[in-house]
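Reviewing the structure listed below.
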Amino acid sequence: MARITKDMTIADVLAVDRGTAAIFMQYGMHCIGCPVSSSETVEQAGAVHDVDVDELIDALNDYLESVPE
């Protein structure tokens, strides 16, 4: 199973599972469709949006663990 890390770009995370978009949206990070998402890391985006990145990473990985393979 893939694990999400802070240094992955948002586009990388979405490529792992498009369902992660809902997690980003819950955290007020509507940047999933933004052109910057292909070069901005989760950590960078979290800083811009004042999001606790560790909490976001945990939420993303919890989601991935809940999805049947």
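The values are calculated or read from the model by the stated rules, or taken from the named source; none is laboratory data. This one's a predicted model, so the numbers in the text were calculated from it and none came from an experiment. Here the Cβ positions follow ideal geometry from the backbone for every residue, glycine too, while neighbour counts run over all protein chains shown.
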Query raised in the report: Given V42, V51, V13, which one is on the phi < 0 side of the Ramachandran plot, surrounded by 13 or more Cβ atoms within 10 Å (Cβ to Cβ) and touching a Lys or Arg at 6+ places or on another chain (Cβ under 6 Å)?
Result: V42
**Report entry** Number of the exception - G28 against (1) surrounded by fewer than 12 Cβ atoms within 10 Å (Cβ to Cβ); (2) touching a Leu at 6+ places or on another chain (Cβ under 8 Å)
**Finding:** (2)
Report summary line: Subset of region 1-14, residues of a type outside the set (K, R) and more than 10 Å from the chain's Cα centre (by Cα), comes to M1, A2, D7
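Kindly indicate whether V13 is in a helix (DSSP H, G or I), out of contact with any Pro (no Cβ under 8 Å at 6 or more places or on another chain) and not acidic (D, E).
yes
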Query raised in the report: If we scan region 31-39, do we find a residue that is within 12 Å of the chain's Cα centre (by Cα), surrounded by 11 or more Cβ atoms within 10 Å (Cβ to Cβ) and farther than 19 Å from A2 by Cβ?
Result: yes
**Report entry** Matching entry among A59, A2, A22, A45 (being assigned to a helix (DSSP H, G or I) and modelled with pLDDT under 95)
**Finding:** A45
Report task. Could you give me the residue pairs with C-beta distances under 9 Å whose first residue belongs to region 19-39 and is at positive phi, whose second residue is surrounded by 13 or more Cβ atoms within 10 Å (Cβ to Cβ) and not hydrophobic (A, V, I, L, M, F, W, C) wherever it lies, and which are 6+ apart or on separate chains? Result -> G28/H49
